[in-house]
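Each value in this text was obtained by applying a stated rule to the coordinates, not by laboratory testing. These figures come from a predicted structure and were not determined experimentally. All Cβ positions, glycine included, derive from the backbone under ideal geometry; neighbour counts span all protein chains shown.
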Amino acid sequence: MMAEYDWRPEQAAKSLNRILPQVEKTFAVELAQAVHEWPEFKNRLHREWERLFACLHQLYGWQYDFFYTLEQILNMLVQYWLERPVELKLLDEKREADPLWFLSENVVGGVLYVDLFSDNLAKLDDHISYFKKLGLTYLHLMPLFAVPREDNDGGYAVSDYRAINPDIGTMEELSKLAAALRNEGISLVLDFVFNHTSDEHIWARKAKSKDLDFMAYYHTYPSRDLPDQFQKHLREIFPAVRKGSFTWCEEMGRWVWTTFNSFQWDLNYANPEVFRAMAEEMLFLANQGVEVLRLDAVAFIWKKLGTNCENQPEAHTIIRAFNAMAKIVAPCLLFKSEAIVHPDDVIRYLHPDECQLSYNPLLMALLWEALATREVKLLEYSMRNRYPTPSGCTWVNFIRCHDDIGWTFDDQDARNIGIDPVGHRAFLNKFYTGQHPGSFAKGVPFQFNADNGDVRISGTLSSLAGLEDAIEKQDSELIEQAVRRVNLLRSILVSIGGIPLLYVGDEWGMLNDYTYLTDPEKASDSRWVHRSRKRWNAREDLTDQDTLEWRFFQEMVKLFSLRKTLPALQNGGMEVIHTGNPHLFGYLRAFGDQKILIVNNFAQDPQNMDADHLKACGVKEDVVDLITREGLSFGKDLVLNGHQSVWLDIS
Ligand code: GLC
């Protein structure tokens, strides 16, 4: 059979040749100042244009004024490239010479809320030394843009992508901070909340005033007909707060699509104007010095009747188009996808032409699962089959973040190893809300859905791992057990393939903070239990060696710095091994001549990995645990204490 003729390369080139001379005329004055750099930009444009064209054609090619869209976009690319500060262009060059820099063992991430951590951006500058002491090279600042004063979903309802929330600072301060961080080898990561805006965004306000152009920025409907048809297939994301995914807007006299809260209006990417406008916001942020954009709620950006409107092919096309534009204008910019969906769908966002990074919600959920069951079969089975990522991409691993924990494992994976997924999720929810006999966890239910009994879990790492309960009981043995659980999870976070992302506060063992219950704006959202302000003061206690905080902090610093000495921990890949023990989760990390075998005991009591299994993993002589520096003689079983993690250098 003859291959189908692909007309796109030719037409892409034709369009570019038609539009570019016009664009060069428009920017003639500016380009005269940039004669030396222009060829470099044009190289990138020619390199990426065909794939950008193909994405845009797929999304908008059917519209009569598609050529106008192309023109607009090309003008925008040139404008933002011209505006891009010199130091960022230098960074672009550096990253282009080493495009896989983020796979290095040296990359260690942290995430925090500016207002909770340091009140504002200006003061955050004073804490760069703290980040350095911890070893961070990647700092994600939670959404800090202008938002509605009251309801704003912790910053995820953005009213202006070019203005910082005045309580936190200014855009100028943000770019200054980005530069200061960059000078210290720390990359700035920000959210790109591109699925929705707040209902106070200028676009939403214009839509409310019935400006047709801006009404077309959102999905709006005069009656319940279409919303009802869509709703049949939609998942409810915040069922405890509201029913359904549509909100009546009195001013417009129309229903608006609101996947999350009623004040978060979903953008209509079927409208090329929305695509272009959001691309502009993206390039604007890139030009402030942001190196990684966390693409918020990626799964939801495209709607199609009769589907669940999650993970649609067009969602991928949109991100690929953004990726191509970033490669043209700001090649140092990376994307991280935030898709907290089924693992089959999560992995699909990972591609060098799409998101180079992705959160790894499956690992996160299964680490907690194994901690509760003390057995690793589901973790082991899922990771063996689902860990590999496309080359040039990697996971961003986390144990806790600002959101809840949902049990996103695959039902069939569970069944394959004899676990009933429904019953198991019910058990985990009971366990982590402290209702299961013998549970150590102090989690708080999040978004209980009365219709189907679903619930997710909020809580900090330490509280979920038993520290809060142990402290309440004033039981030193229980406290030690909790400390060991926390350290076990952190050891895996740091050693398993990908970028470890620390939820800042967990380095010193932050516990749940229940004060949110007294704040009417937060009380209905239990995620605030692990987003605490007052406890950041504990940072100052990190010199007192008698405190748990100090111990936690030291251990974290030690693990991060150990990671940076081990080339085997680069590159993201890992191989799950057979430990021969249902409580031990083990994997190999290797690079060049170095090979590290990491074994983690999820049981509370000591466990053995026998000599035969060790040999099968490549142990061929006496080895040393890099964490404790204790030796293991060849031919002997490896004995791990309860919740111990060992990193054996078996090179
Ligand atoms: C993401 C954020 C979450 C927010 C939601 C809506 O999932 O992590 O905190 O509520 O998007 O923007």
* Rounded to the nearest 20 Debye, what is the dipole magnitude of the chain about its Cα centre when Lys and Arg each give +1 and Asp and Glu each give -1 at the C-beta? -> 620
* **Estimated inter-spin distance, Asp622 and Thr26, nm [label 7 Å along Cα→Cβ]** => 7.2
* How big, in percent, is the set of alpha carbon pairs in the chain lying more than 44 Å apart? -> 22
* Asked: Over its Cα atoms, what ratio of radius of gyration to 2.2 N^0.38 Å does segment 103-168 give?
  -> 1.25
* Asked: Which distance in Å, rounded to a whole number, links the C-alpha centroids of segment 604-632 and segment 49-88?
  -> 55
* Over segment 139-239, what is the relative contact order in whole percent, taking alpha-carbon pairs under 8 Å and six or more residues apart? -> 24
* To do: With label points built 7 Å along Cα→Cβ from the Cα atoms of Gln412 and Ser391, find their separation and express it in nm.
  => 2.8
* Restricting the count to DSSP beta bridges whose residues both fall in the chain, what percent are antiparallel, rounded to a multiple of 5? -> 55
* **Footprinting exposure proxy for Ile301, Ile168 (fewest neighbouring C-beta atoms within 10 Å first)** => Ile168, Ile301
* Asked: Once amide H atoms are placed 1.01 Å from N in the peptide plane, what residues at a sequence separation of 5 or more from Lys595, or on another chain, have their amide H within under 5 Å of its amide H?
  -> Ile650, Ser651
* Asked: Under the definition of Cα pairs under 8 Å and six or more residues apart, what whole-number percent is the relative contact order of the chain?
  -> 12
* Asked: Fewest first, what order do Met171, Met278 take by the number of other Cβ atoms within 10 Å?
  -> Met171, Met278
* Asked: Which whole-Hz couplings ³J(HN,Hα) result when phi for each residue of segment 191-207 is put into the Karplus expression 6.51 cos²θ - 1.76 cosθ + 1.60, θ = phi - 60°, listed in order with x for Gly and Pro?
  -> 7, 10, 8, 10, 7, 8, 10, 6, 6, 9, 4, 4, 5, 5, 5, 5, 4
* Run the numbers on segment 279-398 and let me know its relative contact order in percent, using alpha-carbon pairs under 8 Å that are six or more apart. => 23
* For His140, enumerate residues with amide H under 5 Å from its amide H, sequence gap 5+ or separate chain, H modeled in the peptide plane. => Gly110, Val111, Leu112, Val189
* **Likely footprinting exposure, His140, His127, fewest C-beta neighbours within 10 Å first** => His127, His140
* Structure fact -> Low-density loop trypsin sites (Lys or Arg not before Pro), segment 79-183, at most 12 other Cβ within 10 Å, DSSP non-H/G/I/E/B, are Arg149
* Asked: Put +1 on the Cβ of every Lys and Arg and -1 on every Asp and Glu Cβ in segment 214-307; which of Val292, Ser245, Asn268 then has its Cα farthest towards the positive end of the dipole?
  -> Ser245
* **Cut-off under 5 Å, modelled amide H: who pairs with Ile164 long-range** => Ala146, Met171
* **FRET efficiency, Asn449 to Asn17 (Cβ-Cβ, R0 60 Å, nearest 0.05)** => 0.65
* Computed over segment 495-616, Cα set: Rg, Dmax in Å -> 19.2, 59
* Asked: What does the charge dipole of segment 453-588 about its Cα centre add up to, to the nearest 20 debye, if the Cβ of each Lys and Arg holds +1 and the Cβ of each Asp and Glu holds -1?
  -> 500
* How do the peptides 443-451, 283-291 rank, highest first, by the average count of neighbouring beta carbon atoms within 10 Å per residue? -> 283-291, 443-451
* What is the diffusion coefficient of segment 1-137 in µm²/s, taking the Kirkwood radius over Cα pairs and the Stokes-Einstein relation at 20 °C with a viscosity of 1.002 mPa s? -> 114
* Asked: If eta is 0.890 mPa s and T is 25 °C, what Stokes-Einstein diffusion coefficient results for segment 240-393, Kirkwood Rh from Cα pairs, in µm²/s?
  -> 140
* When the chain is fully extended, how far beyond the present Cα-Cα distance does Gln474 get from Lys558, taking 0.36 nm per residue of separation? -> 27.5 nm
* Which of the peptides 210-220, 361-371, 196-206 is most tightly packed, and how do the rest follow, judged by the mean count of other Cβ atoms within 10 Å per residue? -> 361-371, 196-206, 210-220
* Asked: For Glu93 and Phe634, FRET efficiency with R0 = 41 Å and r from the beta-carbon atoms, rounded to 0.05?
  -> 0.25
* Asked: Using the per-residue mean of other Cβ atoms lying within 10 Å as a proxy for protection, in what order, highest first, do the peptides 506-512, 431-437, 3-9 fall?
  -> 506-512, 431-437, 3-9
* **Distance (nanometres) between label positions extended 7 Å along Cα→Cβ at Gln63 and Arg235** => 2.9
* Under a Cβ-Cβ cut-off of 12 Å, what is the net charge of the residues other than Trp395 that fall near it, where Lys and Arg count +1 and Asp and Glu count -1? -> +2
* Structure fact -> Computed for segment 524-651: size of charge dipole around the Cα centre, +1 on C-beta of each Lys and Arg, -1 on C-beta of each Asp and Glu, debye to nearest 20, value 640
* Asked: Residue-wise, which Karplus ³J(HN,Hα) couplings in Hz belong to segment 444-455, taking 6.51 cos²θ - 1.76 cosθ + 1.60, θ = phi - 60°, and x for glycine or proline?
  -> 10, x, 10, 6, 4, 9, 5, 5, 10, x, 5, 7
